[in-house]
Amino acid sequence: MTKNRKGTLFVLSGPSGAGKGTIRARVFEALDGLSYSVSCTTRAPREGERDGVDYRFITPEDFAARIAAGDFLEWADVHRHRYGTLKSDVEKVLNEGKDMFLEIDVQGALQVKKKMPEAVTLFVVPPSIEVLEERLRGRRSEGEAELRLRLRNAVEEMKQRDLYDFVVVNDSLDEAVKRVCRFVEQRRQAL
Ligand SMILES: Nc1ncnc2c1ncn2[C@@H]1O[C@H](COP(=O)(O)OP(=O)(O)OP(=O)(O)O)[C@@H](O)[C@H]1O
Ligand SMILES: Nc1nc2c(ncn2[C@@H]2O[C@H](COP(=O)(O)O)[C@@H](O)[C@H]2O)c(=O)[nH]1
């Protein structure tokens, strides 16, 4: 039987290093029928990242052209780079009745909620700034200046958490994944 309802858009947000990507990967293993929106970014690929899988890596010129063309559902300058979600990707998946996850920063999440109040927003909080720093350092993905910038931005981003539909503290990963899965399932069943 084909579903004629639109899919649900889940927006996973929170500071860099809070664990969004880690939680999302585990939620996708646990739950069926979720799609992921591959964002565009002007940042350079990290070791192991693949174009079209982790991000669409595009030039600042291409990014600007896409803004001018109105291609983005949301976009933002985050930690000195640009990131954006393509409207066409989201519309296609939701119109097929499938549920989709975005994994984006706070500015982007608030833009989406304004345009699509029916979107469901989730905020991942690290147990503390000290633990966030440890985890970011452990990931070894940024140099010192970029890491310090991400930590400074985290303090401001965390002040926005009350604007979200659901907040999860990522202390024990298993617990955080369980809570997010339970919340997503409840939202899916409520429709
Ligand atoms: N509950 C946890 N306990 C210990 N380490 C964790 C936990 N959750 C995530 N991590 C580790 O913390 C680091 C940051 O996690 P992750 O990359 O998922 O964060 P993120 O929010 O997606 O970051 P970004 O926004 O920069 O992409 C990773 O090395 C990850 O393995
Ligand atoms: N507003 C948007 N933010 C995005 C998007 N894709 C990723 N992000 C966020 O940017 C930071 C940094 O990411 P990183 O991969 O360089 O560590 C992080 O908070 C991401 O969630 C997007 O399309 N729009």
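Put simply, when 112-122, 29-39, 137-147 are sorted by average Cβ atoms within 10 angstrom per residue, most first, you get 112-122, 29-39, 137-147.
Taking every alpha-carbon pair under 8 Å whose residues sit at least 6 apart, the stretch 43-191 reaches a relative contact order of 18 percent.
Restricting the calculation to Cα atoms, the stretch 127-174 shows an Rg/Rh of 1.00 when the hydrodynamic-style radius is the Kirkwood one. With each run of n ≥ 4 DSSP H residues scored as -39500 (n - 2.57), what mean residue ellipticity at 222 nm is computed for the chain after dividing by its residue count and rounding to the nearest 500 deg cm²/dmol? The helix-only estimate for the chain comes to -13000 deg cm²/dmol at 222 nm. If you plug the beta carbon distance of R140 and E185 into 1/(1 + (r/R0)^6) with R0 = 41 Å, you get a FRET efficiency near 0.75. When a/c reaches 1.5 or more, the comparison of a/b and b/c decides; with that in mind, is the stretch 29-83 rounded, prolate or oblate per its Cα gyration tensor? Verdict is oblate for the stretch 29-83.
Once you sort the root eigenvalues of the Cα gyration tensor of the chain as a ≥ b ≥ c, which label holds: rounded (a/c under 1.5), prolate (a/b larger than b/c) or oblate (the other case)? It comes out oblate by the Cα gyration axes. The length gained on full extension between D162 and T59, counted as 0.36 nm times the residue separation minus their Cα-Cα distance, comes to 33.6 nm. Evaluating 6.51 cos²θ - 1.76 cosθ + 1.60 at θ = phi - 60° for every residue in the stretch 24-36, the Karplus couplings come out as 4, 4, 6, 5, 5, 6, 7, 10, 8, x, 9, 10, 10 Hz, glycine and proline recorded as x.
Peptides 177-183, 152-158, 100-106, 14-20 ordered by packing proxy, namely the average of other Cβ atoms within 10 Å per residue, highest first: 14-20, 100-106, 177-183, 152-158.
Remark: for residue pairs K6/K159; K87/K178; K113/K178, the C-alpha separation exceeds 28 Å in K6/K159; K87/K178. Amide H contacts for T8 (H built 1.01 Å from N in the peptide plane; partners 5 or more residues away or on another chain; cut-off under 5 Å): D99, M100. Distances between placed amide hydrogens fall under 5 Å for V125 paired with V168, V169, N170, all partners being 5 or more residues away or on another chain.
Here the Kirkwood formula puts the hydrodynamic radius of the stretch 51-107 at 12.3 Å, using every distinct Cα pair.
Full extension of the segment from D51 to K6, taken as 0.36 nm per residue of separation minus the current Cα-Cα distance, would add 13.4 nm.
Every number here is computed from the coordinates shown, using simple stated rules; none is lab data. This is a predicted model, so every value here is computed, not measured. When we count neighbours, we look across all protein chains shown, and the Cβ atoms used for this are built from the backbone with ideal geometry, even at glycine.
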